[in-house]
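In what follows, a single structure is set out as structure tokens and then discussed.
The values are calculated or read from the model by the stated rules, or taken from the named source; none is laboratory data. For clarity, every value in this text was computed on a predicted model and none was experimentally measured. Please note: Cβ atoms are built from the backbone with ideal geometry, for glycine as well, and neighbour counts cover all protein chains shown. Ligands, DNA and RNA are stripped out before the accessible areas are found, and what is left, the full protein with its side chains, is counted by its heavy atoms. Shrake-Rupley method; radii C 1.70, N 1.55, O 1.52, S 1.80 Å.
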Number of protein chains: 4
Amino acid sequence: MSTTRSAVAREPKRQRGHIRVAAIIEAGVEVFTEKGYDAATMTEIAARSGTAIASLYRFFPSKEALADALLLQYANYALDGLAELRSRAPGMTLDGIAGAFVDFRLELQSQRRFAISLADTRGAIDDKRQRFREAMLDGMAGILREVIPSLTKAKSEVMATILLQILKGVAVVSQEKPTARRVLLAEIKKLIYVYLASAEPLV
Amino acid sequence: MSTTRSAVAREPKRQRGHIRVAAIIEAGVEVFTEKGYDAATMTEIAARSGTAIASLYRFFPSKEALADALLLQYANYALDGLAELRSRAPGMTLDGIAGAFVDFRLELQSQRRFAISLADTRGAIDDKRQRFREAMLDGMAGILREVIPSLTKAKSEVMATILLQILKGVAVVSQEKPTARRVLLAEIKKLIYVYLASAEPLV
Amino acid sequence: MSTTRSAVAREPKRQRGHIRVAAIIEAGVEVFTEKGYDAATMTEIAARSGTAIASLYRFFPSKEALADALLLQYANYALDGLAELRSRAPGMTLDGIAGAFVDFRLELQSQRRFAISLADTRGAIDDKRQRFREAMLDGMAGILREVIPSLTKAKSEVMATILLQILKGVAVVSQEKPTARRVLLAEIKKLIYVYLASAEPLV
Amino acid sequence: MSTTRSAVAREPKRQRGHIRVAAIIEAGVEVFTEKGYDAATMTEIAARSGTAIASLYRFFPSKEALADALLLQYANYALDGLAELRSRAPGMTLDGIAGAFVDFRLELQSQRRFAISLADTRGAIDDKRQRFREAMLDGMAGILREVIPSLTKAKSEVMATILLQILKGVAVVSQEKPTARRVLLAEIKKLIYVYLASAEPLV
DNA sequence: AATGAATGAGCCTTCATTCAT
DNA sequence: GATGAATGAAGGCTCATTCAT
């Protein structure tokens, strides 16, 4: 499938390797998420994944490469989910789609797969994040046009930007206590609903 | 740089200190904002504020203490602004208050006073940030009740949480190009408006 | 790469081993020469010789051992050449022998067989280098006595030391551009000639 | 004198600093000489100079910068000595100048000031070494023309190249036992003498 | 009181060498 | 026997923080 990839993660050729990589990725997500890119140390990631530091470097030739890989994986997962949502979109009510968006974001969280707070990380990785963001916006805009056909492309893009920001709130409220959490998630759904409704032409 | 100081009236120590502290804070905001907490170095902050490193440490005994102070200052500024907004709230239309919220957030940005991306920084500083967040939520909930008297306290707090998240979007869209920016800010205002309107009982 | 090996006559192990070793030695010479002892990595030598790293270690149990082997091979080659030169020495003119020495050194260079700049490498290898040096001096002193029979053993050894140093210059000038190179090589020959002549008793 | 110098050694502003720098330079010369550039470690240089590693880096911002500084210092010292020799050259006999060259080289050695075996070191430092070499050749060629006026510029340069190589032998024989050493040094002088004489037109 | 210097802990990364399949 | 994977020791370098003048 893929032959050589310069500075990017190299995939293992033996069974054990895959397990290792999985452990590293998991630890990487954990540590990056907990501490942020700069404060995370390769040593800790290695330790937490039960790998020797040099082994970690065998698969991910640099800290940045590891972060890249984590982001990429998250991006793929998220984009896949979004595509799936889109396929279900036609015929959904505004209310349904509002809930679907929130559930989608919730799912992303639950899958411990995401990584790296949106902060620090300068340099090359930022480009990739930017591209990911654009792909997300694109996908969301598409969904919006699916459910509100009267939307122009431009308008749908603006709304997607807003929507993305709203959905970030899901991550924030996820840290609240269960009760508050439930209430807040319902409120976010409602917010999205009224927002979408306000953009739909009155029949 | 240092001049004679024989008979000349030397400013009272407090005065000099204040100037120094102000310079440090300004430099601190700059550097933290530009590079993030981890990548910012005390040496650079010292240099950029024209202070010797040891002097910097006289006023702020650690990097974290400096970040704390920066946050505190920002919090005070923000809370003051919020209080002021609250005093103007009574009698404002929903539309007016939606705009006012956005303008308020915009103002915060423009005043180079705020610092440190909400990420990295772990430890003690997080508590303070939490308290600041709560104070903000409190203030915003109050304003909401001011403009939508029918709101219960609980409901207003939920809405404040949502609103705060929406307002974070102002920072995000501020990085877009002027045209897009203007459009997006208008959209945020609209979003807030429809959200507030949805919570107001139909007369 | 690896083919079937069922009924096909597999070369005797020894044979295969020799090929491997030869490949490793060649790669070793290359890499050591290009990068120097320290900067050369066993991994690269393995890769460049098409050997697996573990196989390399089967033949040469350490980096130093490999360097040793390289030196030894070079020493043998050089000493053989010197012996051959010695056999041709009787009856040569001083001028002829001067040229022969330079050509001899030139030959050594051309045969990509030599390795490792005379620097770095500490430890055990230095002893071997020392012994090699002595063997060379010995051989050269012998040749000198062959062409200048009046030389005492002691004197011939002193002269050999000097001569060896002069010949190192061949390596240095070899890096010059062709034209300069030619001139400098001729000059070295002349230097050797006048040096030898100065030691020959006036007839 | 000098204000800022990017990646090069920074000179201390206080008394203590000069002492430190001197100690570092001495240790640097020692370690680089003993182990070669690659094998030398900053940690050892720091330790041997009684400095903390970070202090070392305060003055010399990188290993290469330190090596650079060492080379520069050596070059200056050597070139000064050569200039001085040149001023004494007019009127010297060939025999005298031969001895003077050897003494000059000997002096360089004795002044523990020189550094870094001519091996390893790739990159930027090699350029400087090259320039240094050329300056030396230039100076030596000048001296040769001083004592053998009939020399063309080109011829003197060729001879200087040869001479430089011969003089390297001084370093080599310096490692011999005193007795052998004395004999060899005398032989080098003689070699230089006959070489120079061979280039002088018969009167 | 102010400041340049000193420092040690720690980070990312590499590599010779040994395992385990 | 051959090979990819594993590893730990070490190296260059930075930075928050403390001394000493």
Restricting the range B:173-191 to residues that are within 23 Å of the chain's Cα centre (by Cα) and more than 10 Å from chain A (Cβ to nearest Cβ), the residue that is nearest to A:ALA197 (Cα to Cα)
B:LYS189
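Quickly run through the range A:128-172 and pick out the residues that are among the polar types (S, T, N, Q) and more than 14 Å from chain B (Cβ to nearest Cβ).
Keep residues of the range A:128-172 that are among the polar types (S, T, N, Q), which gives A:130, A:150, A:152, A:156, A:161, A:165.
Hit for the range A:128-172 is A:SER150, nothing else.
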From (1) at pLDDT below 90; (2) open to solvent by less than 50 Å² (accessible area, probe 1.4 Å); (3) away from DNA strand F (no atom under 16 Å from the Cβ), pick out the condition that doesn't hold for B:LEU118.
(2)
Scope the range B:138-195; condition farther than 20 Å from A:LYS155 by Cα, assigned to a loop (DSSP other than H, G, I, E, B) and not aliphatic (A, V, I, L, M); matching residues
B:PRO149, B:SER150, B:THR152
Hey, any hits in the range A:1-16 for a residue that's assigned to a helix (DSSP H, G or I), surrounded by 13 or more Cβ atoms within 10 Å (Cβ to Cβ) and either modelled with pLDDT of 95 or more or of a type outside the set (D, E, K, R) (or both)?
no
What residue, of C:GLU107, C:GLU200, is at pLDDT below 95, over 23 Å from the mean Cα position of the chain (by Cα) and of a type in the set (D, E, K, R)?
C:GLU200
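Consider C:ASP127 carefully, then state whether it is modelled with pLDDT of 95 or more, surrounded by fewer than 17 Cβ atoms within 10 Å (Cβ to Cβ) and out of contact with any Gly (no Cβ under 6 Å at 6 or more places or on another chain).
Working: modelled with pLDDT of 95 or more: no; surrounded by fewer than 17 Cβ atoms within 10 Å (Cβ to Cβ): yes; out of contact with any Gly (no Cβ under 6 Å at 6 or more places or on another chain): yes.
Judged against the criteria, C:ASP127 is not a match.
Considering each residue of the range D:44-63, count those that are part of a helix (DSSP H, G or I) and touching a helix residue (DSSP H, G or I) at 6+ places or on another chain (Cβ under 6 Å), and give that number. Steps first, answer last, please.
Residues of the range D:44-63 part of a helix (DSSP H, G or I): D:44-48, D:53-59, D:63.
Retained after the next criterion (residues that are touching a helix residue (DSSP H, G or I) at 6+ places or on another chain (Cβ under 6 Å)): D:44-46, D:48, D:53, D:56, D:59, D:63.
The qualifying residues number 8.
A quick yes/no check of all residues on (1) away from DNA strand E (no atom under 14 Å from the Cβ); (2) among the hydrophobic types (A, V, I, L, M, F, W, C); (3) open to solvent by 10 Å² or more (accessible area, probe 1.4 Å); (4) modelled with pLDDT of 95 or more:
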{"position": "D:GLU30", "(1), (2), (3), (4)": "yes, no, yes, no"}
{"position": "D:THR33", "(1), (2), (3), (4)": "yes, no, yes, no"}
{"position": "D:PHE59", "(1), (2), (3), (4)": "no, yes, yes, no"}
{"position": "D:ALA67", "(1), (2), (3), (4)": "yes, yes, no, no"}
{"position": "D:TYR77", "(1), (2), (3), (4)": "yes, no, yes, no"}
{"position": "D:ASP80", "(1), (2), (3), (4)": "yes, no, yes, yes"}
{"position": "D:ARG86", "(1), (2), (3), (4)": "yes, no, yes, yes"}
{"position": "D:PHE114", "(1), (2), (3), (4)": "yes, yes, yes, no"}
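Yes or no, residue by residue, for (1) more than 19 Å from D:ASP38 (Cβ to Cβ); (2) away from chain D (no Cβ under 14 Å); (3) away from DNA strand F (no atom under 16 Å from the Cβ):
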site: C:GLU30; (1), (2), (3): no, yes, yes
site: C:THR41; (1), (2), (3): no, no, no
site: C:ALA46; (1), (2), (3): yes, yes, no
site: C:SER62; (1), (2), (3): no, yes, no
site: C:LEU72; (1), (2), (3): yes, yes, yes
site: C:ALA83; (1), (2), (3): yes, yes, yes
